[in-house]
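First comes the structure, then the notes that go with it.
The values are calculated or read from the model by the stated rules, or taken from the named source; none is laboratory data. In this text the structure is predicted, and so the values were computed from the model without any measurement. With ideal geometry, Cβ positions are generated from the backbone for all residues, glycine too; neighbour counts draw on all protein chains shown. Side chains included, ligands, DNA and RNA excluded: accessible areas come from the protein's heavy atoms. Shrake-Rupley method; radii C 1.70, N 1.55, O 1.52, S 1.80 Å.
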Amino acid sequence: MTATLHITEISTDDFLALARTGSEPVPIEQGPAWDAYDAAVEGRSHWRRLRIDAGDDAVAVISLSAYEGRGFRYLWARHGPVWLTEQTASRERAVRGALVAYLRREAPWATFVRLHAKEEASDLHELLQTVTYDHTIVLDLTPDEHKILASFSKRGRYKVRRTLKDTDMTVTEESDTTPEKFEELYAIYRETAERDGFGIFPASVYLEMLDALGEHVRLWVARRHDTGKNGDLVPGRAVSWVLSTVYDNAGCDTYAAGNTEARDTNAAVRLKWEIITALKAEGVTQYDLMGVGSDRAPTLMGVREFKQQFGEVSFVDPAWDVALKPLRYRMLHWALKAKRALRR
């Protein structure tokens with residue numbers, strides 16, 4: 001890019017108006033609906049929405065949230081920037097350069113900024129913490145249900161049809177769950193995390209999301225109504241669940257869990273189909289299964305085969321850290337590396 005980039009803070013309305021001129025739905029994490037969730041989680045808050053221009057033309061917009069770690073603070077643009085023009089490697093570098101200069105001036109307390117980028121570059125670092133992914137599966141919900149089902153793999157179609165005949169299983173939306181009722185679902189999540197080897201947040205984080213995001217978040221639960229093979233199980237018991245977000249006519253898996261019984265009965269397949277058809281009926285046009293395994297995200301390899309039953313894998317921009325205070329960032333990297341080594 002030859003034009004000098006300049007960055008200005010903009011209002012929520014202006015941000016949305018510009019973001020919606022892009023080619024993709026606005027990610028919920030970049031939209032104003034996410035602000036309430038940031039406010040509900042300790043150590044987080046929305047910071048600013050910015051417009052990045054080259055001359056008179058808007059190149060991208062970005063919404064940034066402030067995070068506080070243990071002894072450091074940083075900014076995170078989840079699924080941002082939102083690109084309004086062609087996203088080339090040179091434009092990515094230019095935008096990051098302008099953003100770094102702006103943040104060093106306007107947010108001198110921030111050690112780094114976390115954002116998404118397509119092309120690898122020398123200023124992009126692997127995340128200090130948490131998991132990112134660079135491949136996902138996005139389902140087009142605009143065709144009729146028969147065509148959507150036909151787009152699944154042969155195995156996926158078979159499992160959907162089979163589970164729909166299972167009269168002992170139901171899927172219901174339980175977004176109005178209480179902390180007491182959620183305990184049953186959280187126990188399933190603990191079992192899932194222990195089996196698949198990933199970390200989970202306290203139950204309060206998921207309940208805060210349900211409360212803060214309101215109409216933009218849904219909790220779907222698959223339940224069994226038989227008494228099991230030995231006749232000793234409680235009818236109506238939860239076996240699998242999905243917490244999904246819906247924003248700008250696009251849905252996304254956010255969290256999901258399933259116990260051993262769910263695996264035996266293909267409850268997760270039934271859940272996906274029920275979610276897809278329910279959201280399609282409401283006018284949602286696409287559904288993102290949110291991440292499959294790859295070289296960049298080996299911990300998600302366990303869900304890759306399952307999710308490929310529903311569609312083709314596509315590339316998505318992964319998250320990266322960009323140091324605003326390089327020495328401080330390197331010290332954090334070394335400290336976390338040492339901490340993990342001690343745990344091992």
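So the values come out like this:
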| quantity | calculated |
| --- | --- |
| Sole residue being open to solvent by 30 Å² or more (accessible area, probe 1.4 Å), outside any loop (DSSP other than H, G, I, E, B) and farther than 28 Å from T245 by Cβ, chosen from A39, A94 | A94 |
| From L50, L115, residue being under 30 Å from K272 (Cβ atoms), among the aliphatic types (A, V, I, L, M), open to solvent by less than 40 Å² (accessible area, probe 1.4 Å) and assigned to a strand (DSSP E or B) | L115 |
| Residues being assigned to a helix (DSSP H, G or I) and surrounded by fewer than 18 Cβ atoms within 10 Å (Cβ to Cβ) - total across segment 206-230 | 4 |
| Answer from V26, V59 - the residue that is in contact with a strand residue (DSSP E or B) (Cβ under 9 Å, 6 or more places away or on another chain), β-branched (V, I, T), within 28 Å of T130 (Cβ to Cβ) and in a loop (DSSP other than H, G, I, E, B) | V26 |
| Scan of segment 191-205 for residues that are closer than 21 Å to V303 by Cα and outside any loop (DSSP other than H, G, I, E, B), ordered by number | E191, T192, A193, E194, R195, D196 |
| Qualifying position, being touching a residue at least 40 places away in the same chain (Cβ under 8 Å), of a type outside the set (S, T, N, Q) and closer than 25 Å to H146 by Cα, among V313, V242, V322 | V313 |
| Residue that is nearest to V95 (Cα to Cα), among those in segment 7-19 that are exposed (fewer than 14 other Cβ atoms within 10 Å of the Cβ) and either touching a residue at least 40 places away in the same chain (Cβ under 8 Å) or out of contact with any helix residue (DSSP H, G or I) (no Cβ under 9 Å at 6 or more places or on another chain) (or both) | T8 |
| Failed item in (1) over 21 Å from the mean Cα position of the chain (by Cα); (2) under 19 Å from T299 (Cβ atoms), with T260 passing the rest | (2) |
| Any pair with Cβ under 8 angstrom, 6 or more apart, that starts in segment 129-152 at a residue that is without any contact (Cβ under 8 Å) to a residue 12 or more places away in the chain and ends at one that is in a loop (DSSP other than H, G, I, E, B) | P143/S151 |
| All positions within segment 160-182 that are over 19 Å from A278 (Cβ atoms), open to solvent by 80 Å² or more (accessible area, probe 1.4 Å) and under 23 Å from the mean Cα position of the chain (by Cα) | none |
| Residue check for F152: at pLDDT 95 or above, of a type in the set (F, W, Y), surrounded by 15 or more Cβ atoms within 10 Å (Cβ to Cβ) and under 20 Å from V292 (Cα atoms) | yes |
| Hits in segment 249-264 - residues which are open to solvent by 30 Å² or more (accessible area, probe 1.4 Å), farther than 24 Å from E208 by Cα and of a type outside the set (S, T, Y) | E261, R263, D264 |
| All positions within segment 90-128 that are more than 24 Å from the chain's Cα centre (by Cα) and hydrophobic (A, V, I, L, M, F, W, C) | A94, A98, V100, A101, L103, A107, W109 |
| Verdict on R157 being in contact with a helix residue (DSSP H, G or I) (Cβ under 7 Å, 6 or more places away or on another chain), modelled with pLDDT of 95 or more, open to solvent by 50 Å² or more (accessible area, probe 1.4 Å) and part of a helix (DSSP H, G or I) | yes |
| Residue in segment 194-202 that is open to solvent by less than 40 Å² (accessible area, probe 1.4 Å) and farther than 16 Å from W241 by Cα present | no |
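Yes/no matrix, rows are residues, columns are (1) exposed (fewer than 15 other Cβ atoms within 10 Å of the Cβ); (2) at pLDDT 95 or above:
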{"site": "P235", "(1), (2)": "yes, yes"}
{"site": "Y247", "(1), (2)": "no, yes"}
{"site": "N266", "(1), (2)": "no, yes"}
{"site": "V292", "(1), (2)": "no, no"}
{"site": "G311", "(1), (2)": "no, yes"}
